[in-house]
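The values are calculated or read from the model by the stated rules, or taken from the named source; none is laboratory data. It should be emphasised that the depicted structure is a prediction, and the values quoted were computed from it without experimental measurement. No Cβ is skipped: glycine too gets one built from the backbone with ideal geometry, and neighbour counts run over all protein chains shown. Remember, those area values only see protein heavy atoms, side chains included, never the ligands or the DNA or RNA. Shrake-Rupley method; radii C 1.70, N 1.55, O 1.52, S 1.80 Å.
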Amino acid sequence: MSKKQKFIVLFALFIVPLLFYIFLSLGINNFAKLPVLTKNVTDISAVSKKATFDRKISIVTFLGSDIQLAKGELFNLTEKIYKPFYGFKDFQMIVIALKGTEQKVEKLKKEIGAFTNMMKWNFIFADEVEIKVLYESFKTNQSLDSNVHTSKAFIIDKDVCLRGRNDDKDAAGGKLFGYNMKSVSELNNKMKDDVKVVLAEYRLALKKNNADREI
């Protein structure tokens, strides 16, 4: 074996693992994280024991009372966000609707389920006061409409914090709290990228923790 070949073998055996560990140690701090815009939002478990934000990456929508109005929004969200990411273990969809709309929502679920796996969907029914209290804990710069609905979809991380952008050129004051489900372009060009960032953060943190245990 030539000196050059020996060097390559030694480099692969010792230097590469060391560089990888250094990357994991430093990368978690230098990685372009998605900003936390609101800490400690109200957990959905306060509204229903069927779901929790804790230790989950949640996409949250407020369907309100007019299911037909929001139908197209959920179809857009399904195609651009749910389908690419539902395979991730801790990923989930939380859809909040007004009590009394159960039958209409059941029909909507069947329509969505006709072309996608609904395993990560959670439909929560609550009264108007509960929905407003939950939404207000997000501390966004917009209110729910008269149907207790918003066209925005929100990213809640595993620490029950609202994630978004603080330097978005299209948002008031640069803060993008939620993503417009009516806009396929915004879902595809902004929200999809931001969900990828949040998922990458946790994958990197998991790799770092595993590397620390092995040393």
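Packing-based ranking of 166-172, 49-55, 117-123 yields 117-123, 49-55, 166-172, ordered from highest to lowest mean Cβ neighbour count within 10 Å.
With the highest mean first, a sort of the peptides 141-148, 94-101 on other beta-carbon atoms found within 10 angstrom per residue produces 94-101, 141-148. By the rule of a C-alpha distance below 19 Å, with chain neighbours fewer than 8 residues away ignored, the aspartates and glutamates paired with Lys190 are Glu73, Glu79, Asp157, Asp167, Asp168, Asp170, Glu201.
Of the cross-linked pairs Lys120/Lys182; Lys110/Lys139; Lys110/Lys169; Lys33/Lys89, those separated by over 30 Å at the C-alpha level are Lys110/Lys139; Lys110/Lys169.
Work out, in µm²/s and without decimals, the Stokes-Einstein translational diffusion coefficient of segment 34-192 at 25 °C, 0.890 mPa s, Rh from Kirkwood over C-alpha pairs. Translational diffusion coefficient: 157 µm²/s. For Asp145 and Glu128, the difference between the fully extended length at 0.36 nm per residue and the C-alpha to C-alpha distance is 5.0 nm. Gain on full extension, evaluated as 0.36 nm per residue between Lys89 and Lys39 minus their Cα-Cα distance, stands at 15.7 nm.
Simple spin-label estimate for Gln103 and Ala46 gives 3.3 nm between the two label positions (7 Å along the Cα-to-Cβ direction from each Cα). In this calculation the C-beta distance from Phe115 to Asp170 is compared with R0 = 35 Å, giving a FRET efficiency of 0.70. Accessible area of Tyr86 (1.4 Å probe, protein heavy atoms only, ligands and nucleic acids ignored): about 70 Å².
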